[in-house]
Amino acid sequence: MLEAIEKQALMTDAVPLAAGEKKSLIGLDRAELGQILKDMGEPAFRAKQLWHWLYWQGAKNFDAMHNVSAKLREKLAEQYTLERPSAFRFQESSDGTLKWLLEYRDRNKAETVYIPDVDEDRGAVCISSQVGCTLSCSFCHTGTQNLVRNLTAGEIVGQFMVVRDQLNEWPTPTETARLASNIVMMGMGEPLFNYDNVVKALNIITDGEGIALSKRKITLSTSGVVPRIPEVGAATGVSLAISLHAVRDELRDVLVPLNRKYPIAELLDACRNYPGLSNARRITFEYVMIKDVNDSDADAHELARLLKDIPSKINLIPFNPWPGTNYECSSGNRVQRFSDLLYGHGYSAPIRTPRGRDILAACGQLKSDSERKAGQKVAL
Ligand code: SAH
Ligand code: SF4
C-alpha cells in the first residue's frame, strides 16, 4: 500500500544530464566518491580527502584542493562540478529570517529558509524535501501547488550548503560556534515520501568529518507516513516531529487527508515505537491553531489524554494565512488558553512565534511557482 502511494506520488528523481553537462559531486556519499576515484585509478585514501574538501571545507572549485595533485584536479574538473542549487530569489525579513527560492537544474524551484535564533548566535535551516507536496493538507499553501517531484540527495544537502555559503561558515566550525546550528525538515514536501533521498542526505550531513551536524540537532517533520516512522529513526537517529493538528479522526481527515490512510491511533502507536524515544528525546507534536476548527478547551484536554504515554513536547503554531485560504488564526487569548490548559496537564506547549511573515517564510507559507503538471496529486 505504501509503495503504491509513493509510486503514485512520484516521479522523477535524478534529472538526466544534458549533452556536455557535468554532474555535481554534491550529494554523493563516501562509497560513490570512492567509486569515482577508483575508476580514475586513484588510491582509496583520496576519497577521504575529497570528502573533506566537499563537505568540511565547502570547496567551490577543484583548484582549492591543494593536497590533491594538479592532474587529478584537472581530471575531476573535466567531468564534475561542485555546484550547489542556484538562488533564483533571495529575501531577507525584517526579523533576520532569510529565504531562498532555489532553482534546480531542471528549472524546478523550492524554498529554503534560515531562521536565526532571537538572542543567540545560532539558527535553524528549514529544508525542503520535494518541489511542492502531493498531500493536500487543507491549511497548507505548499499543498496547493500542483507540480511535485522529489528532490535528490544532492539537492537536499545543497540547500544546507547554500546557507553555509551565505553565512560564511566554511570550513565546518565547532559545534558551539555555528549560525546554521540546526536543521528542521519542515520545508516543502513530505520527507517520508522521499525516503531514500532524505535518509541519504541526512547521513551525509551528520557525518563527523564533513558538515558534522549532530543527529540531535536535526528534526524531521512528517504528516504521518506511519510505516516509515520507525524505519527513519533507525536509519538516521534524528528527532521526530508529527504534524498532528487534530485530536479526532473526522477532523484530521479533513486537515491532513493522509489521516484517512493512517488514522490517529496508528500514528500514535508508531510514535511509541520510535527508536531512542525517552524523556530526554521526546517527539514534538505540531498543532496549528485554527480559529473555531481545532482550538477548543475540549480539544486541549483530549490532546493531553492522547499523548499521555508518549514522551512529548507540543508546539503550538498560530495558523499562518496565505492568499486564498478560508481559515483564520485563533486569537492570541485562545492560543494562550490552549497552551495553559496543556501546561496544566504537565506538558510544555510553547507557542511558536511566526518568523519571516513579511516574506512569506513562515510555516505552511512556502510555495514555488514551478509549472503545473497533471496527475501528480495523491488520491487517498
Ligand atoms: N510535510 C511535512 C513537513 C512540512 S512541515 C509535514 O507536514 O509535517 C511544515 C509544518 O508547518 C507542518 O507541521 C505543517 O502542518 C505546518 N503548516 C502547514 N501550513 C501551515 C500554516 N498555514 N500555518 C501554520 N503551520 C502550517
Ligand atoms: Fe504537504 Fe506537510 Fe503541507 Fe501537508 S502540511 S501539504 S504534508 S507540506
- Note on the structure: Sparse-neighbourhood loop hits (trypsin sites (Lys or Arg not before Pro), the range 66-144; DSSP loop; Cβ within 10 Å at most 11 others) -> R107
- Rounded to the nearest 10 Å², the accessible area of M186 at probe 1.4 Å: 50 Å²
- Can you tell which of I310, S339, S243 lies farthest toward the positive end of the dipole of the range 218-339, using +1 and -1 charges on the Cβ of basic and acidic side chains (Lys, Arg; Asp, Glu)? I310
- Loop-resident sites, the range 118-218, for GluC sites (Glu not before Pro), counting at most 13 other Cβ within 10 Å (DSSP): E120, E209
- Hey, with R₀ at 51 Å, roughly what FRET efficiency would K261 and D207 work out to, going by the Cβ-Cβ distance, to 0.05? 0.90
- Extent of the range 66-160 along each principal axis, from alpha carbon coordinates, in Å, largest to smallest? 55, 37, 19
- Task: Calculate the dipole size of the range 139-286 relative to its Cα centre from +1 charges on Lys and Arg beta carbons and -1 charges on Asp and Glu beta carbons; express the result in debye to the nearest 20.
- Result: 240 debye
- As a percent rounded to 5, the proportion of antiparallel DSSP bridges among beta bridges in the chain is 45 percent
- Message: For the range 117-189 and the range 267-327, what is the centre-to-centre distance using only Cα atoms, to the nearest Å?
- Response: 22 Å
- For the range 267-357 the trypsin sites (Lys or Arg not before Pro) that pass both the DSSP coil test and the at-most-13 other-Cβ-within-10 Å test are K308
- Query: Between S94, S24, P263, whose Cα lies farthest towards the positive end of the dipole of the chain when Lys and Arg beta carbons carry +1 and Asp and Glu beta carbons carry -1, centred on the Cα centre?
  - Reply: S24
- What is the dipole size for the range 194-233, taken about its Cα centre, with +1 at each Lys and Arg Cβ and -1 at each Asp and Glu Cβ, in debye to the nearest 20? 160 debye
- Its Cα gyration tensor gives the chain an equivalent ellipsoid whose semi-axes in whole Å, largest first, are 37, 21, 20
- Message: Can you compute the helix-only [θ] at 222 nm over the chain? Use -39500 (n - 2.57) per DSSP H run of at least 4 residues, normalise by all residues, nearest 500 deg cm²/dmol.
- Response: -8500 deg cm²/dmol
- Under Stokes-Einstein, with the Kirkwood radius over Cα pairs standing in for Rh, what whole-number D in µm²/s applies to the range 218-367 at 37 °C and 0.692 mPa s? 208 µm²/s
- What is the local net charge at A265, summed over the other residues whose Cβ is closer than 15 Å to its Cβ (Lys, Arg +1; Asp, Glu -1)? 0
- the chain - charge dipole about Cα centre, Lys and Arg +1 at Cβ, Asp and Glu -1, debye rounded to 20: 360 debye
- Task: Using Cα positions and a limit of under 18 Å, work out the aspartates and glutamates in reach of K200, with same-chain residues fewer than 8 apart set aside.
- Result: E6, D13, D29, E32, E155, E190, E209, E231
- Semi-axes of the equivalent ellipsoid for the range 124-216, Cα gyration tensor, largest first, Å: 26, 13, 11
- Sorted on mean Cβ neighbours within 10 Å (highest first), peptides 189-198, 76-85 come out as 189-198, 76-85
- Counting Lys +1, Arg +1, Asp -1, Glu -1, what net charge surrounds I229 among other residues with beta carbon under 14 Å of its beta carbon? -1
- Message: Taking 45 Å as R0, compute the FRET efficiency from the Cβ-Cβ separation of N333 and F88 and round it to 0.05.
- Response: 0.65
- Exceeding the 31 Å Cα-Cα cut-off - candidates K261/K291; K109/K313; K75/K99: K109/K313; K75/K99
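The values are calculated or read from the model by the stated rules, or taken from the named source; none is laboratory data. Just so you know, these numbers come straight off a predicted model, no measurement behind them. Don't worry about glycine lacking a Cβ; one is built from the backbone with ideal geometry, like all the others, and counts go over all protein chains shown. Side chains are part of the model used for accessible areas, which takes the heavy atoms of the whole protein and leaves out ligands, DNA and RNA. Shrake-Rupley method; radii C 1.70, N 1.55, O 1.52, S 1.80 Å.
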